[in-house]
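A short write-up of the structure that comes next.
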Amino acid sequence: MSAYLGLFASAFLAATLVPAWSEVLFAGLLAAGYDPLLLLLSASTGNTLGSAVNWWLGRYLLHFQDRRWFPFRAETLGPAQRWYARWGVWTLLLAWLPVGGDALTFIAGMMRVRFWLFFTLTAIGKTTRYAILLGVVGLFD
């Protein structure tokens, strides 16, 4: 059970501003014979809930954007805001991307996307990513 909790924590952190790579742990646990469905559930849930932290930050902490500790800089937010303005909430299906994905979830909070819609689209994208990883790693077994 601790392996699944460890994967959940790794995936949660990877979706926030803390640098982490849950895919490596996911692949390692899968190769070690852990239950693929439980790995998928643990990683997807942790990663989606971690993204919810970014949504919350965007929604409630934006008035601190001039502070040095603020997680995103204008040069990071600008391109993500333009992308979001063009494609809208559907960009949340790409929140799993290693570059820009965290910014998209933050901007969704800034743009006051309804949480249920944010959560649903983000969960679909992140679960799909881990399902693809499950299939790719499974090819090498």
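Structure data summary
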{"quantity": "Gained length - Ala20 relative to Arg114, 0.36 nm times residue gap less alpha-carbon distance", "calculated": "31.1 nm"}
{"quantity": "Point-to-point label distance, Leu94-Arg68, nm (Cα→Cβ direction, 7 Å offset)", "calculated": "3.4"}
{"quantity": "Linear extension gain, Ser2 paired with Leu37, 0.36 nm per residue minus alpha-carbon span", "calculated": "11.0 nm"}
{"quantity": "Residue-wise HN-Hα coupling along the range 44-54, computed from phi with Karplus coefficients 6.51, -1.76, 1.60 (Hz; x: Gly, Pro)", "calculated": "5, 5, x, 5, 5, 5, x, 5, 5, 4, 5"}
{"quantity": "In the range 64-109, chymotrypsin sites (Phe, Trp or Tyr not before Pro) in a DSSP loop with at most 12 other beta-carbon atoms within 10 Å", "calculated": "Trp69"}
{"quantity": "Among Ser42, Val136, Pro98 - extreme Cα towards positive end, dipole of the chain, charges at beta-carbon", "calculated": "Pro98"}
{"quantity": "Size descriptor, Kirkwood hydrodynamic radius, that averages inverse alpha-carbon separations across the range 2-139, Å", "calculated": "15.1"}
{"quantity": "Cα long-axis angle, helix 115-139 against the chain (0 to 90 degrees, to the nearest 10)", "calculated": "30"}
{"quantity": "Angle between the chain longest axis and helix 22-31 axis [Cα atoms, degrees, rounded to 10]", "calculated": "10"}
{"quantity": "For the range 1-30 and the range 49-106, distance of Cα centres in Å", "calculated": "21"}
{"quantity": "Within the range 67-106, trypsin sites (Lys or Arg not before Pro) in DSSP loop having at most 14 other beta-carbon neighbours inside 10 Å", "calculated": "Arg67, Arg68, Arg73"}
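No value in this document is a laboratory result; all are computed from the given coordinates. Computed from a predicted model, the values in this text were never measured in an experiment. Positions of Cβ are generated from backbone atoms using ideal geometry, with glycine treated the same way; all protein chains shown enter the neighbour counts.
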